[in-house]
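Presented below is the structure to which this report refers.
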Amino acid sequence: MVNLRTTIGPYTFDNPLMNASGVHCMTAAELDEVAASVAGTLVTKSGTPAARDGNPAPRYAALTLGSINSMGLPNKGFAYYLDYAIKFQQTHPTQPIFLSIAGTGPADYAEMAKTIQASDFTGLTEFNLSCPNVPGKPQIAYDLETTEQILDDLFKVFKKPAGIKLPPFFDLAQFDAMAALLNRYPLTFINSINSLGNGLMIDTATDTALIRPKGGFGGIGGAYAKPIALANVRAFRQRLRPDIAIIGTGGVTTGRDVYELILCGASLVSLGTVLQEEGIPAFARLTSELEAEMTAKGYATLDEFKGQLKTL
Ligand code: RRO
């Protein structure tokens with residue numbers, strides 16, 4: 001029998017799968033469905049200080065090999081998700097939960113962190129520094145100075161387990177610089193990667209951009225993202241302090257994809273496009289495919305192959 005248990009810091013999860021923030025996590029009802037599935041944990045939609053409607057529709061499109069989105073941070077306000085998470089802890093005392101937070105400006109992060117710090121929340125907080133879709137706002141984590149400023153301010157007030165959601169990087173010098181910065185902070189985890197920012201897809205019948213916001217530019221997820229996600233998880237695993245865990249996100253459509261993210265060093269794996277397209281049954285399908293892959297390779301636990309990628 002295969003055991004899928006995994007850990008991040010002091011938290012234990014019975015299954016490495018979870019939803020990716022933004023998918024199936026906008027409302028309490030959606031979060032409840034993830035919690036009731038075989039997923040090991042769940043994360044809320046990124047919450048901002050005030051509720052937001054997000055960008056005009058159409059703002060998501062399924063593609064042959066993935067998806068494009070420019071949702072624009074629609075959410076019910078971070079207080080809604082904090083309230084959900086605190087109640088969730090009471091009803092699910094053994095199931096850790098992730099709260100995702102996104103600023104609409106750098107100062108928002110420390111402000112929301114103060115509120116979470118003062119609350120009864122005992123789970124993990126993911127600070128999203130990589131939303132690609134708010135018009136006029138660049139992805140924060142592509143700017144090292146702003147990232148440093150946010151993390152400095154954040155960790156002055158925030159002492160609970162924290163992680164950050166990163167965008168994809170494409171150059172080894174970027175991995176070196178970001179990892180060197182992150183290693184200075186008391187991070188419990190990183191989540192890598194957010195969608196591939198600012199892709200463009202065109203409707204062949206009408207020669208029109210597939211989605212409305214930002215002239216059709218949006219974040220790309222699904223199979224398109226797989227090699228970039230693997231490389232980012234691997235590159236950060238090679239550079240980060242061993243006590244900073246990695247949540248691998250991007251490009252999962254099969255159990256083999258989950259296996260490969262773990263091989264690159266992921267402790268948890270989150271599902272974005274595949275969950276959006278298949279719904280909650282994706283968790284059970286991918287769990288059994290992961291178990292089959294582990295059995296075929298002769299592994300009984302995740303620790304036996306986590307981070308064990310071989311190179312030539
Ligand atoms: O809401 C979005 O448009 C969005 C966010 Br905050 C994010 O972090 N990643 C993404 O692909 N879409």
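The values are calculated or read from the model by the stated rules, or taken from the named source; none is laboratory data. Please read all numbers here as calculations on a predicted model, not as lab measurements. FYI the Cβ positions are ideal-geometry reconstructions off the backbone, even for glycines, and counts take in every protein chain you see. SASA here: full protein model, heavy atoms, side chains in, ligands and nucleic acids out. Shrake-Rupley method; radii C 1.70, N 1.55, O 1.52, S 1.80 Å.
Here are the numbers for the structure shown:
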| quantity | calculated |
| --- | --- |
| Spin-label model distance (nm) - K87 vs A296, 7 Å beyond Cα toward Cβ | 4.3 |
| Theoretical FRET efficiency, 1/(1+(r/R0)^6), r = Cβ-Cβ of Q149 and D207, R0 45 Å, to 0.05 | 0.60 |
| Three-way shape call for the range 56-153 based on the alpha-carbon gyration tensor, with the a/c threshold at 1.5 | oblate |
| Cα gyration tensor shape of the range 223-312, rounded if a/c is under 1.5, else prolate or oblate by comparing a/b with b/c | oblate |
| The range 127-189 and the range 1-16: distance between their alpha carbon centers, rounded to Å | 26 |
| Entries of K156/K310; K165/K306; K45/K159 with Cα pairs more than 30 Å apart | K156/K310 |
| Projected label distance in nm at A284 and A62, using a 7 Å step from Cα toward the beta-carbon | 1.9 |
| Per-residue [θ]222 nm for the chain (sum of -39500 (n - 2.57) over DSSP H runs n ≥ 4, rounded to 500) | -10500 deg cm²/dmol |
| The chain - percent of accessible surface contributed by carbon and sulfur, probe 1.4 Å | 56 |
| Most fluctuating residue given options E291, E111, E145, as computed from a GNM of the chain linking Cα atoms under 10 Å | E145 |
| Label-point separation in nm, Q238 to A50, each point 7 Å along Cα→Cβ | 4.6 |
| Surface accessible to a 1.4 Å probe, per residue, for the residues of the chain, Å² | 41 |
| Cα gyration tensor category, rounded, prolate or oblate, for the chain with a/c compared to 1.5 | rounded |
| Residues of the range 135-176 with amide N under 15 Å of a point placed 7 Å along Cα→Cβ from R184 | 143-156, 176 |
